[in-house]
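The values are calculated or read from the model by the stated rules, or taken from the named source; none is laboratory data. This is a predicted model, so every value here is computed, not measured. Using ideal geometry, Cβ is built from the backbone for each residue, glycine included, and neighbour counts are taken over all protein chains shown. These accessible areas exclude ligands, DNA and RNA; they are computed on the full protein's heavy atoms, side chains included. Shrake-Rupley method; radii C 1.70, N 1.55, O 1.52, S 1.80 Å.
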Amino acid sequence: MRKSNIKPSSNLFLQIKIWILIMVFCQLAFTKAQAQIEMPQLNSYMFNHMVYNPASGGMYDTDFNANATSRIQWAGVDGAPLTNYAWADHRFRKNSMSAGLVLAYDRYGSRNFTDVAGNFTYVVRLNNNLKLGMGLRAGYTSFQFNASGSKIWDGSDPLAMPYTMNFPKFGTGLQLYNRKFYIGLSAPDIVNLNNSQFAADKEQSFFKKYRSYLFTAGYKVKLSDGFGLYPNAKVYYFSGLDVPVRVDAACLFEITDYFWAGANYATTGSVAAMAGTYISSRIRFMYAYEFATKAAPVGSVTFSVHEVSLLLQLDDLFARKNKSNIAE
């Protein structure tokens, strides 16, 4: 049996304990804080770990990775929801750390959200293959409300007056992973404001809120040389709120380094068909088409959702890669 080349460190468990204590402190410090209820609903969550968990930095083989994702809902409808995400992370190999940046723009109707957050990840190598990422996130959210272009608002109504709010956001998480699987637990936004309360109560303190948690997992199954399956799951839990747990379950079939396709099902009543291709060894493109599975009320219209994602990997350009990056 091959012996591990990694020597046990007497400080390993001390490092883990210290990091867990930091995350517990962050949770207790904002016990009444609430995460944004409308968390990112991306079908491509298995390719956007950085959006959901600050502990996912450095998961890829390459040292620098960047991703841009756009989610277009109700295409062709004025004021329809639009969500754009962009993130990048860089791994510092010598000191087991990773730094990342997450940008988000969310627009629906007269409301616009802009998020900017920095991620810091410290990675502990548990053995030759298994790693534990421990992450922290800090940033801010800018909310803008402007109903001047809406036909249903009276310009003389005080509630219709445009305004802007800026407030901090913090998050934390853990991610256990190797080349074949990942398991993550995070509170992406420990401090954030409930979207539904912006217009109704602008003076309400964002500390008097609740929180939410996110669990993600995925595993890569090798069917044969060049073919594989990649099942994934994502679970939202909203603590202290009368909001049902949301579960997403996806399964992708991949022809290594060429093409993949699959589907994602959400318990909220939607299914998405997904497909992607490797434009080159460093660029991956994904498209998803989402539609509702629950019958719409009489007289209402069901709209579809389009989602596109592009991943760029720029480091180790001349290194030969024999394995797919889909689960790494």
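A few remarks follow.
- Here ASP189 fits the description: closer than 23 Å to PHE113 by Cα, open to solvent by less than 70 Å² (accessible area, probe 1.4 Å) and at pLDDT 50 or above.
- Filter result for GLY218 (touching a helix residue (DSSP H, G or I) at 6+ places or on another chain (Cβ under 6 Å), at pLDDT 70 or above and within 23 Å of HIS49 (Cβ to Cβ)): yes
- Look at (1) at pLDDT below 90; (2) open to solvent by less than 40 Å² (accessible area, probe 1.4 Å) and you find that ARG125 fails only one, number (2).
- Pairs with Cβ under 6 Å, 6+ apart, first in segment 164-188 and of a type in the set (D, E, K, R), second open to solvent by less than 10 Å² (accessible area, probe 1.4 Å): LYS169/THR141; LYS169/VAL191; LYS169/ASN192
- The set of residues from segment 254-264 being assigned to a strand (DSSP E or B), surrounded by fewer than 17 Cβ atoms within 10 Å (Cβ to Cβ) and either of a type in the set (Lys, Arg) or at pLDDT below 95 (or both) comprises ILE255, PHE259.
- LYS17 vs. criteria open to solvent by 20 Å² or more (accessible area, probe 1.4 Å), in contact with a Lys or Arg (Cβ under 6 Å, 6 or more places away or on another chain), at pLDDT below 55 and more than 17 Å from LEU130 (Cβ to Cβ): no
- Where GLY58 falls short, out of the listed (1) open to solvent by less than 20 Å² (accessible area, probe 1.4 Å); (2) under 12 Å from the mean Cα position of the chain (by Cα): (2)
- Residue check for GLN41: at pLDDT below 80 and either in contact with a helix residue (DSSP H, G or I) (Cβ under 8 Å, 6 or more places away or on another chain) or buried (at least 20 other Cβ atoms within 10 Å of the Cβ) (or both): no
Conditions (1) farther than 18 Å from ASN166 by Cα; (2) in contact with a Leu (Cβ under 7 Å, 6 or more places away or on another chain); (3) in contact (Cβ under 8 Å) with a residue 12 or more places away in the chain; (4) not hydrophobic (A, V, I, L, M, F, W, C), marked per residue:
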| position | (1), (2), (3), (4) |
| --- | --- |
| ASP106 | no, no, yes, yes |
| PHE113 | no, no, yes, no |
| TYR122 | yes, no, yes, yes |
| ASN127 | yes, no, yes, yes |
